[in-house]
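Sharing a structure here in structure tokens format.
The values are calculated or read from the model by the stated rules, or taken from the named source; none is laboratory data. Treat the numbers as computed from the prediction; the structure is a model and nothing was measured. Positions of Cβ are generated from backbone atoms using ideal geometry, with glycine treated the same way; all protein chains shown enter the neighbour counts. For accessibility, only protein heavy atoms count, side chains too; no ligands or nucleic acids. Shrake-Rupley method; radii C 1.70, N 1.55, O 1.52, S 1.80 Å.
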Number of protein chains: 4
Amino acid sequence: MYAIRNKVQLIGNLGQLPEIRTTENGKKVARFSIATNDTYRNSKGERITETSWHNVIAWGKLAEIAEKFLTKGREVAVAGKLVHRHYTDKNGIKRYVTEVVLNELLLLGGGKPQTEYVEQEEDALTEA
Amino acid sequence: MYAIRNKVQLIGNLGQLPEIRTTENGKKVARFSIATNDTYRNSKGERITETSWHNVIAWGKLAEIAEKFLTKGREVAVAGKLVHRHYTDKNGIKRYVTEVVLNELLLLGGGKPQTEYVEQEEDALTEA
Amino acid sequence: MYAIRNKVQLIGNLGQLPEIRTTENGKKVARFSIATNDTYRNSKGERITETSWHNVIAWGKLAEIAEKFLTKGREVAVAGKLVHRHYTDKNGIKRYVTEVVLNELLLLGGGKPQTEYVEQEEDALTEA
Amino acid sequence: MYAIRNKVQLIGNLGQLPEIRTTENGKKVARFSIATNDTYRNSKGERITETSWHNVIAWGKLAEIAEKFLTKGREVAVAGKLVHRHYTDKNGIKRYVTEVVLNELLLLGGGKPQTEYVEQEEDALTEA
DNA sequence: TTTT
DNA sequence: TTTT
């Protein structure tokens, strides 16, 4: 609710198509990862690029938008909150997962989606 | 460098005093965790408060500020970037860690620090 | 809708009590100004503090929260969007106004509100 | 200094080429305006798009980047702070101006700049 | 582990 | 796993 307390924003590119699942009660979930690049010069004056991969997750309408518009390599801006989960894996080892749960998804760089049908969806997207 | 690409902001309270270490080359590192509270009503109309604990890390001057001013429970606003690391623990299990590496630290709620000495440090803090 | 496209965040203190109005259809509007301080050293090594005053406006429920909880000097964190308006003043001169229209309001520094009644309102606040 | 206290972020498109000036001491200044679009449905269910134009200003290296890479219509993400100035115009009328002073400028949507020369500059850009 |  |  209080987005100002816990806020993450990423601008980067999708590594792969989103993975889409549907919960038992029919709600869509999209998972994908976003690469953000940080470039700087090291002490020797060499240009270094470091890429971070962030796991993001979108629910409901945002997941539907992700499913319809996101393609591999697509540039996006997202905003959401940082959440931490843990679970016990099949070997009994406790695992910790950190994800960004989206509340905004913005397609950047114009690009692909141009058919009339997609335009309609773009319209839906604007509602997000 | 490009903070706009990878940005995290948290406003919350410290769980404990920061842990301070010094690297071999004399640089300070501060680690601490910040609680952010999210409250909402569930489907039964009950008020639910969920607390998330975020691991944050500050280097250099920010670590020194953290060491001098941060106390258990202190309210802070921080900004930084999301970084992901992994390491192999002593049992040979690969562990993943997500941290927020700070580039801003703001003490909220006025409060304690009032001595002349501390004022000087507050001054240093303003440089951060 | 797309907050990520146009986003302002301020952390600072109220200059005065909010001014509250009610529109014809009964919606509350709160206006107030927030001071943000920027301190730095100038070329002579002198510490300079510059204060900026930002006009913010809150509608509906946020205006009600502002009315009930905001006091002169209170520390707040706000998020909203930047809007620009213009009008012609009584001398026929075109005037331009820039305001921050809030969608989040966070009371910082703990403090005053403690009575049972106010607690209830805090509750409402949490909904914001 | 304390960007967290006064932060503006905009993602949108340039209305025109930046205007470039150079101060007496040789520092570049770039001014341009960015359109952000907000779309929503009104009470009649009609889709409304509102465009806001924001005046932004970049100094020094950021101004040089703006000069070299920004073109009319280009999609950008910017971050900066909100500043308010006033001056008296030639008719003796006091005028108020609000601007976003940039500290980050990110070119979105890939696109144009491809020559070797420009690549070099892109390199400079990455330093920003 | 915090805080309201 | 992306992109510039």
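Look at segment B:1-37 and say how many of its residues are surrounded by fewer than 18 Cβ atoms within 10 Å (Cβ to Cβ) and charged (D, E, K, R).
Residues in segment B:1-37 being surrounded by fewer than 18 Cβ atoms within 10 Å (Cβ to Cβ) and charged (D, E, K, R): 5 in total.
Condition first: over 12 Å from C:Gly109 (Cα atoms) and of a type outside the set (Lys, Arg). Now tell me which residues in segment C:71-90 satisfy that.
At the first step, the residues of segment C:71-90 found to be over 12 Å from C:Gly109 (Cα atoms) are C:71-72, C:78-90.
Correct list: C:Thr71, C:Val78, C:Ala79, C:Gly80, C:Leu82, C:Val83, C:His84, C:His86, C:Tyr87, C:Thr88, C:Asp89.
Looking at (1) under 26 Å from D:Asn6 (Cα atoms); (2) in contact with a helix residue (DSSP H, G or I) (Cβ under 8 Å, 6 or more places away or on another chain); (3) away from chain A (no Cβ under 11 Å), find the lone condition where B:Arg31 falls short.
(2)
All but one of (1) closer than 30 Å to A:Ala77 by Cβ; (2) free of Cβ contacts under 8 Å to residues at least 40 places away in the same chain hold for B:Ser43, so report the exception by its number.
Just one mismatch for B:Ser43, condition (1).
Only one of A:Glu50, A:Glu75, A:Glu99 is of a type in the set (Asp, Glu) and in contact with a Leu (Cβ under 6 Å, 6 or more places away or on another chain); which?
On the way: A:Glu50 fails: in contact with a Leu (Cβ under 6 Å, 6 or more places away or on another chain); A:Glu99 fails: in contact with a Leu (Cβ under 6 Å, 6 or more places away or on another chain).
Among A:Glu50, A:Glu75, A:Glu99, only A:Glu75 is of a type in the set (Asp, Glu) and in contact with a Leu (Cβ under 6 Å, 6 or more places away or on another chain).
Right, next: Considering only residues that are more than 14 Å from chain D (Cβ to nearest Cβ) and open to solvent by less than 70 Å² (accessible area, probe 1.4 Å), which ones fall in segment A:38-64?
Those that are more than 14 Å from chain D (Cβ to nearest Cβ) and open to solvent by less than 70 Å² (accessible area, probe 1.4 Å): A:Ser52, A:His54, A:Val56, A:Ile57, A:Ala58, A:Gly60, A:Leu62, A:Ala63.
Same structure, new question: Can you name the condition, by its number, that D:Asp89 falls short on among (1) farther than 23 Å from A:Ile11 by Cα; (2) open to solvent by 50 Å² or more (accessible area, probe 1.4 Å); (3) in contact with a Lys or Arg (Cβ under 9 Å, 6 or more places away or on another chain)?
Tallying (1) farther than 23 Å from A:Ile11 by Cα; (2) open to solvent by 50 Å² or more (accessible area, probe 1.4 Å); (3) in contact with a Lys or Arg (Cβ under 9 Å, 6 or more places away or on another chain), D:Asp89 fails exactly one: (2).
For residues that are of a type outside the set (A, V, I, L, M), open to solvent by 20 Å² or more (accessible area, probe 1.4 Å) and assigned to a strand (DSSP E or B), tally how many sit in segment D:92-111. Reasoning before the result, please.
Initial filter on segment D:92-111 (of a type outside the set (A, V, I, L, M)): D:92, D:94-96, D:98-99, D:103-104, D:109-111.
Imposing the further condition that a residue be open to solvent by 20 Å² or more (accessible area, probe 1.4 Å) reduces the set to D:92, D:94-96, D:98, D:103, D:109-111.
Those left that are additionally assigned to a strand (DSSP E or B): D:94-96, D:98, D:103.
Result for segment D:92-111: 5.
Within segment D:66-86, which residues are within 11 Å of chain A (Cβ to nearest Cβ), open to solvent by 30 Å² or more (accessible area, probe 1.4 Å) and away from DNA strand F (no atom under 16 Å from the Cβ)?
Within segment D:66-86, D:Gly73 is the sole residue that qualifies.
May I pose another question? Which condition from (1) within 11 Å of the chain's Cα centre (by Cα); (2) more than 26 Å from A:Val78 (Cα to Cα); (3) within 11 Å of DNA strand E (Cβ to nearest atom) is the one that B:Gly12 breaks?
The failed condition is (2).
Still on this structure: Could you grab me the full set of residues in segment B:1-50 that are at pLDDT below 95 and within 16 Å of DNA strand F (Cβ to nearest atom)?
B:Met1, B:Tyr2
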